[in-house]
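A quick write-up on the structure given underneath.
The values are calculated or read from the model by the stated rules, or taken from the named source; none is laboratory data. Everything quoted here is computed from the prediction, not taken from an experiment. A quick note on method: Cβ atoms are made from the backbone with ideal geometry, for glycine too, and the neighbour counts reach across all protein chains shown.
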Amino acid sequence: MKNKVHFAIIGCGYIGNRHAESITTHPEAKLIACADINTDLKKDIQAKYNVPFFESAEDMFNADLEIDVVCVCTPNGLHAEHSLLALEHKKHVVCEKPMAITRQSCENVIYKALQVHRQVFCVMQNRYSPPSVWLKSIVQQGLLGKIYMVQVNCYWNRDDRYYKKGSWKGSKDLDGGVLYTQFSHFIDIMYWLFGDITHIQAHFNNFTHKHNTELYDDSGIIQFDFVNGGMGCINYSTAVWDKNMESSITIIGERGSVKVGGQYMERVEYCHVKEYTLPDLPPSNPPNDYGTYKGSAANHNFVIDNVVKTIQGIAQPTTNALEGLKVVDIIERIYQLRK
């Protein structure tokens, strides 16, 4: 019986490489194959990781390798297709965010996973950031009392340096929109803390991206109620000039108020809670650095560790498929309000 959990990756761009680095540095994981239709990546992938490179996912599965887990790191609109393909071959799946760009696609993946008795892990790595872990603990303990208001602000830059001609980014079918591609991490944190939303109202605009994307919006203001009580809003934009400005969550509760902010919710900016003192928190990991722009926290090592331990039977998925579906469901319901 082999000692390590065997991984393969579909999609070898930047995020695929992040998965590969986290797998190859984990003592109980082993990368055994990569697949990507972009054959220009082959030489670099083989030099870095010394694994076979396949020009399609089908070719990789037909090679009959001893794969336990498949990491799906392809464009958003292909996540469900590649997850279903891996499940058809009875492999566990690690799916990059978002799980898909429709609720129906997520349901199809979950149904197949149940049929073949395999796990689907959804990558929402911001849950591992120390401020997120801290927020979860104080909410679970009820230290804030009743939740009155929650505000999520996401103000980032994505300009012509990001939306390059010929890329999948900015397309309706493969990207889906900035709430899927840029800000689903922060919607996930909100859902993880406070649950589902209802009575949604929204206003959208596309200020700076009409020339370089097929998307309807780069900015929006969304208002809603939480099913569990309290009200909330999400304000977002990728029209910020030159660089990311902020990703934050502000919580107003019966017994106090807190704010976690920074570029990607990496630091506690305000904490005033009755009979409570903020403890010292470990530092957050830096953001994923893409050169001309930055993304969310580089916590993929925690994701891979959770996958390994879950398959070994000593942990539970940090973000399960139903939670991945709910994030997609929330975004889909918001986007249904676009005129």
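Assorted remarks:
- Number of positions in region 62-71 that are touching a His at 6+ places or on another chain (Cβ under 6 Å) and part of a strand (DSSP E or B): 2
- Among the conditions (1) closer than 26 Å to residue 182 by Cβ; (2) assigned to a helix (DSSP H, G or I); (3) of a type outside the set (A, V, I, L, M), residue 74 misses just one, which is (2).
- Selection from region 112-128 of residues that are touching a strand residue (DSSP E or B) at 6+ places or on another chain (Cβ under 7 Å) and either surrounded by fewer than 20 Cβ atoms within 10 Å (Cβ to Cβ) or at pLDDT 95 or above (or both): 113, 118, 119, 120, 121, 122, 123
- Test: residue 59 is farther than 26 Å from residue 116 by Cα and not in a loop (DSSP other than H, G, I, E, B): no
- Condition met for residue 135 (closer than 27 Å to residue 317 by Cβ, surrounded by 20 or more Cβ atoms within 10 Å (Cβ to Cβ) and among the aliphatic types (A, V, I, L, M)): yes
- Counted residues, region 16-49 - those being part of a helix (DSSP H, G or I) and surrounded by fewer than 13 Cβ atoms within 10 Å (Cβ to Cβ): 5
- You will find that of 237, 257, the residue that is within 19 Å of residue 193 (Cα to Cα), of a type outside the set (A, V, I, L, M) and surrounded by 15 or more Cβ atoms within 10 Å (Cβ to Cβ) is 257 and no other.
- Residue among 309, 259 that is without any contact (Cβ under 8 Å) to a residue 24 or more places away in the chain and either out of contact with any strand residue (DSSP E or B) (no Cβ under 9 Å at 6 or more places or on another chain) or within 27 Å of residue 100 (Cβ to Cβ) (or both): 309
- A search for C-beta distances below 7 Å between a residue of region 12-31 that is over 16 Å from residue 70 (Cβ atoms) and any residue that is in a loop (DSSP other than H, G, I, E, B) and among the charged types (D, E, K, R), counting only pairs 6+ apart in sequence or on different chains, returns 28/4.
- Region 202-222: number of residues that are outside any loop (DSSP other than H, G, I, E, B) and either within 21 Å of the chain's Cα centre (by Cα) or under 18 Å from residue 185 (Cα atoms) (or both): 4
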